[in-house]
Amino acid sequence: SVATFAGGCFWGTELRYQRQEGVIATAVGYTQGNIDKPNYEQVCSGSTGHTEGIQLIYDPTICSYERLVTILLNSINPTLKNQVGNDRGTQYRHGIYFHTEEQREIAQSLIDSRQEQFTVPIVTEVKGVDVFWPAENYHQRYLEKGGQSAEKNCEETVRCYG
């Protein structure tokens, strides 16, 4: 199965999913924008409408979609618009971009359940996936290439750096 998420800087989001049992492959890239084949500089300018995202292939007999959504929601403050950690801008907005009606229902149910914990609205997008454009090769598996473990079930803190 395929899943697409945005959780701020795509490097940390990717590493969190690489560590999950049942995730077979990951790719970081750009989604939900309005131009074809954007590059990093264009997306960072905030002018393309894209957000930094991750698309992954997973085995639903090992890892449920619910688990994947929960990983995202546990790694962000879903009430902050266009911000994750110190990263700010529309390219860092968080979202759950569903591929099927079942994924939409699961995502919305988890968002609704999580809303009870907050006094302000959750702003995490729940939308149908748009075209996903893979990012440049140097962004793929960036934190792993920088020495952080992508081993399944690794519990080390994900350290993002630019």
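Would you be able to say whether some residue in the stretch 85-100 is over 16 Å from the mean Cα position of the chain (by Cα) and at pLDDT 95 or above? So far as the stretch 85-100 goes, yes, one or more of its residues are over 16 Å from the mean Cα position of the chain (by Cα) and at pLDDT 95 or above. The set of residues from the stretch 56-68 being of a type in the set (A, V, I, L, M, F, W, C) and either under 13 Å from the mean Cα position of the chain (by Cα) or open to solvent by 50 Å² or more (accessible area, probe 1.4 Å) (or both) comprises Leu56, Ile57, Ile62, Leu68. Show the residue pairs meeting these rules: Cβ distance below 8 Å; 6+ apart or different chains; first residue within the stretch 2-29 and within 26 Å of Thr90 (Cβ to Cβ) and open to solvent by 20 Å² or more (accessible area, probe 1.4 Å); second residue in a helix (DSSP H, G or I) and hydrophobic (A, V, I, L, M, F, W, C). Cβ pairs passing all conditions: Trp11/Leu143; Arg16/Ile71. With respect to the conditions (1) within 17 Å of Phe132 (Cβ to Cβ); (2) outside any strand (DSSP E or B); (3) in contact with a strand residue (DSSP E or B) (Cβ under 7 Å, 6 or more places away or on another chain), Cys63 lacks only one, and its number is (1).
Looking for something polar (S, T, N, Q), over 14 Å from the mean Cα position of the chain (by Cα) and at pLDDT 95 or above - is there at least one such residue anywhere in the stretch 119-132? Yes: one or more hits. On the basis of being among the hydrophobic types (A, V, I, L, M, F, W, C), over 18 Å from Val158 (Cβ atoms) and either modelled with pLDDT under 95 or in a loop (DSSP other than H, G, I, E, B) (or both), does Ile24 make the cut? Spelling it out, it is not the case that Ile24 is among the hydrophobic types (A, V, I, L, M, F, W, C), over 18 Å from Val158 (Cβ atoms) and either modelled with pLDDT under 95 or in a loop (DSSP other than H, G, I, E, B) (or both). In the stretch 124-162, of all residues being outside any loop (DSSP other than H, G, I, E, B), over 16 Å from Tyr40 (Cα atoms) and touching a residue at least 60 places away in the same chain (Cβ under 8 Å), the one that is most open to solvent (accessible area, probe 1.4 Å) corresponds to Lys127. Do you know which residues across the stretch 41-55 are surrounded by 15 or more Cβ atoms within 10 Å (Cβ to Cβ) and either of a type in the set (D, E, K, R) or touching a Phe, Trp or Tyr at 6+ places or on another chain (Cβ under 8 Å) (or both)? Once the filter is applied, which keeps residues that are surrounded by 15 or more Cβ atoms within 10 Å (Cβ to Cβ) and either of a type in the set (D, E, K, R) or touching a Phe, Trp or Tyr at 6+ places or on another chain (Cβ under 8 Å) (or both), the stretch 41-55 yields Val43, Thr48, His50, Thr51, Glu52, Gly53, Ile54, Gln55.
Of all residues in the stretch 30-39 being touching a residue at least 60 places away in the same chain (Cβ under 8 Å) and over 16 Å from the mean Cα position of the chain (by Cα), which is most open to solvent (accessible area, probe 1.4 Å)?
Taking the stretch 30-39 first, the residues touching a residue at least 60 places away in the same chain (Cβ under 8 Å) are 30-33, 36-39.
Next, from what is left, pick out any that are over 16 Å from the mean Cα position of the chain (by Cα): 36-39.
Working: Asp36: 120, Lys37: 153, Pro38: 10, Asn39: 55 Å².
Out of the qualifying residues, it is Lys37.
Please go through the stretch 69-123 and pick out each residue that is part of a loop (DSSP other than H, G, I, E, B), open to solvent by less than 60 Å² (accessible area, probe 1.4 Å) and closer than 21 Å to Ile57 by Cα. Listed by number, the list holds a single entry, Ser75.
The values are calculated or read from the model by the stated rules, or taken from the named source; none is laboratory data. As the structure is a computational prediction, the values presented were derived from the model and not from experiment. Glycine gets a Cβ as well: all are built from the backbone with ideal geometry, and neighbour counts include every protein chain shown. Heavy atoms of the whole protein, side chains included, go into the accessibility calculation; ligands, DNA and RNA do not. Shrake-Rupley method; radii C 1.70, N 1.55, O 1.52, S 1.80 Å.
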